[in-house]
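Q: Provided herewith is a single structure, encoded as structure tokens, for subsequent inquiry.
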Amino acid sequence: MFSALTEKFRTLKKFIMKPFFRKLLCVCPLAFLILITQAQNITGTWQGSLDVQGNQIPIVFHIKKDSTNKWIAAFDSPSQHAFNLSCSDVILKNDSVILMMAILNGKFAGLLNADKSQITGSWFQGAGSLPLTVKKTSETATIKELKRPQTPRPPYPYHSEDVIYTNANKSIQFGGTLTYPGTDSIAGSVVPHLYPAVILITGSGQQDRDETLFDHKPFAVIADYLTRRGFVVLRVDDRGMGKTTGIFSEATTMDFAKDLEAGLDFLEKQPMVNKNKIGLIGHSEGGMIAPIVAGERKEINFIVLLAGPGIPIIDLMQQQTEAVSMANGETASAAKANGQLMRIVWNEVMKNEDSATTVQHIRSKIETWSEKLDTAALLKFKKLDTAGINHQVEQAMTALNSKWYKYFISFDPQPYLEKLNCKVLALNGSKDVQVIAATNLKGIKESLQKSKSPKYDVIEIPGLNHLFQTCIQCNPGEYNDLEESFSPRALDLMGNWLKENIQ
């Protein structure tokens, strides 16, 4: 999924990000480095919250000494129902506190106050940062019960198998779930009925096979729905997630396309699959990957794009920045300025010049841009000081070190869409603030008109957000609060189209 903060900004695998950036608060075992003086007593529980686009994400650290008198710590993310995640090291030095999270390319950095009751600082991850203050407390964060009525639970009226396969050179092992119709065994000499098949492709950020976000499991919901309607469905963990190996942070969208091809090779070998009716369903960044692979693999009969991009990503991200700003209460003029600022920074990053030149150009253009803002609504941007400019430059330089983001921000999906010769269904929610439906679907339609696709439909679904939930406030901060994981209207629209055009 695409996000205004950037899909790579995730301590929160999908809340600080998936939104283009699924995936928000994705918690993994963390590597922490804490710096404070040895003389200080920081034993206890430290609690705060991150304000992520209006949604409060509780963060809890537990610090104590072990039997050898060594400092140890653990981390909780209560809203993700993740607890007691080990910290790798605790070091004390003066009043500085730095929690390094190497696995997330992030850190928490702050200062311990005079009475040792509070640490004030910032949470840094990928290309972004958020203020974070943690206070020493005896209380524990309240855990909000998450209701997810659509999540399928066994027993299922179909086969569901955990599968393992590798890519061609066996450098990466993939773990996934294969579901297919029927209740009889296909082992031995039994010749099964042949079914159409699909692979589900996750959006931006490291995600599991169910594209889990705040306990929502939209890919499990989609797989259950389609399998009940006669489809074989394969859904797969991303690199470095679950049963899949590989290093996620070193990969680009094109590498993920190669991962998808390994899944296709595996799927085509399954005896219940109709090899003339194989398709791809991609959400967000997965909707970038599907056309890339479908243009090369002529056996692909159809693709479904769920908020997949139809315009250059730099344009999409500017629109996203403006829409998210508006959804979070900014005025139209301030939101537009936010989008312009983002565009200035990333235009320089996309030039692929050396770091020093990029920094110089970004500083100069931001200063020139801020001087031209003369409306009352944008006075705050006139006050963009050295610290503010330094923050923008820091974010840009972090992105320069990300292979994924450099590829992502410069990507144009239109040549890949124009190359298609399979059937296409493109869906977008009208309330999506990450991939704006009107301009995005227009771009997809114009590209498909130039393609050799024998059948395509481009549809905007009223009232749905980027995750295809029926939304109320319709900003990314609401994803966790909604009980619906994936709209039944979107499921039926997709299912009926597949029945009419594929089955």
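The values are calculated or read from the model by the stated rules, or taken from the named source; none is laboratory data. The shown structure was predicted, so the numbers you read here are calculated from the model rather than taken from an experiment. We place every Cβ from the backbone using ideal geometry, glycine too, and count neighbours over all the protein chains shown. Keep in mind that these areas ignore ligands, DNA and RNA; they rest on the heavy atoms of the full protein, side chains included. Shrake-Rupley method; radii C 1.70, N 1.55, O 1.52, S 1.80 Å.
Q: Does the range 149-162 include one or more residues that are under 25 Å from Asp76 (Cβ atoms), under 24 Å from the mean Cα position of the chain (by Cα), at pLDDT below 80 and not basic (Lys, Arg)?
A: No, that holds for no residue.
Q: Would you be able to tell me the number of residues in the range 205-225 that are within 28 Å of Ser402 (Cα to Cα) and of a type in the set (A, V, I, L, M)?
A: The number of residues fulfilling the criteria is 1.
Q: While we're on this one: Scan the range 401-429 for residues that are more than 16 Å from Phe256 (Cβ to Cβ), in contact with a Ser or Thr (Cβ under 7 Å, 6 or more places away or on another chain) and open to solvent by less than 10 Å² (accessible area, probe 1.4 Å) and jot them down.
A: Leu417, Leu420, Cys422, Val424
Q: Failed condition for Gln270, given (1) within 30 Å of Ser77 (Cα to Cα); (2) polar (S, T, N, Q); (3) more than 15 Å from the chain's Cα centre (by Cα), with all others met?
A: (1)
Q: Something else: Evaluate the range 241-254: report whether one residue or more is open to solvent by 30 Å² or more (accessible area, probe 1.4 Å), touching a helix residue (DSSP H, G or I) at 6+ places or on another chain (Cβ under 8 Å), of a type in the set (A, V, I, L, M, F, W, C) and farther than 15 Å from Leu178 by Cβ.
A: Yes, the conditions are met somewhere in the range 241-254.
Q: Filter the range 365-393 down to residues that are open to solvent by 40 Å² or more (accessible area, probe 1.4 Å), at pLDDT 70 or above and outside any loop (DSSP other than H, G, I, E, B), then give me how many there are.
A: Of the residues in that region, 4 qualify.
Q: Return yes or no: is Glu285 under 30 Å from Met494 (Cβ atoms), open to solvent by 60 Å² or more (accessible area, probe 1.4 Å) and modelled with pLDDT of 95 or more?
A: Criteria not met by Glu285.
Q: Give the residues of the range 301-328 that are among the aliphatic types (A, V, I, L, M), more than 14 Å from Gln414 (Cα to Cα) and in contact with a strand residue (DSSP E or B) (Cβ under 6 Å, 6 or more places away or on another chain), sorted by residue number.
A: Ile303, Val304, Leu306, Ala307
Q: Of all residues in the range 340-358, which are within 14 Å of Thr398 (Cα to Cα) and open to solvent by less than 30 Å² (accessible area, probe 1.4 Å)?
A: Passing the criteria: Val345, Trp346, Glu348, Val349, Thr358.
Q: Also, I was wondering about something else. Just the residues that are touching a Phe, Trp or Tyr at 6+ places or on another chain (Cβ under 9 Å) and farther than 21 Å from Trp346 by Cβ, please, taken from the range 303-329.
A: Val304, Leu306
Q: Tally up the residues in the range 290-320 that are assigned to a helix (DSSP H, G or I) and open to solvent by 20 Å² or more (accessible area, probe 1.4 Å), please.
A: 4
Q: A further question follows. Counting only residues that are under 17 Å from the mean Cα position of the chain (by Cα), give me the helices (runs of 4 or more DSSP H) lying completely in the range 394-503 with at least 3 of them.
A: By residue number, 403-409.
Q: OK, next. Among the residues of the range 181-192, is there at least one that is modelled with pLDDT of 90 or more, under 28 Å from Pro488 (Cα atoms) and part of a loop (DSSP other than H, G, I, E, B)?
A: Scanning the range 181-192, I find no residue that is modelled with pLDDT of 90 or more, under 28 Å from Pro488 (Cα atoms) and part of a loop (DSSP other than H, G, I, E, B), so the answer is no.
Q: List the pairs whose first member sits in the range 260-277 and is open to solvent by less than 30 Å² (accessible area, probe 1.4 Å), whose second member is assigned to a helix (DSSP H, G or I) and among the aliphatic types (A, V, I, L, M), and whose Cβ atoms are under 9 Å apart, counting only residues at least 6 apart or on separate chains?
A: Leu260/Ile289; Leu260/Ala290; Leu260/Ile292; Leu260/Val293; Leu264/Val293; Val273/Leu267
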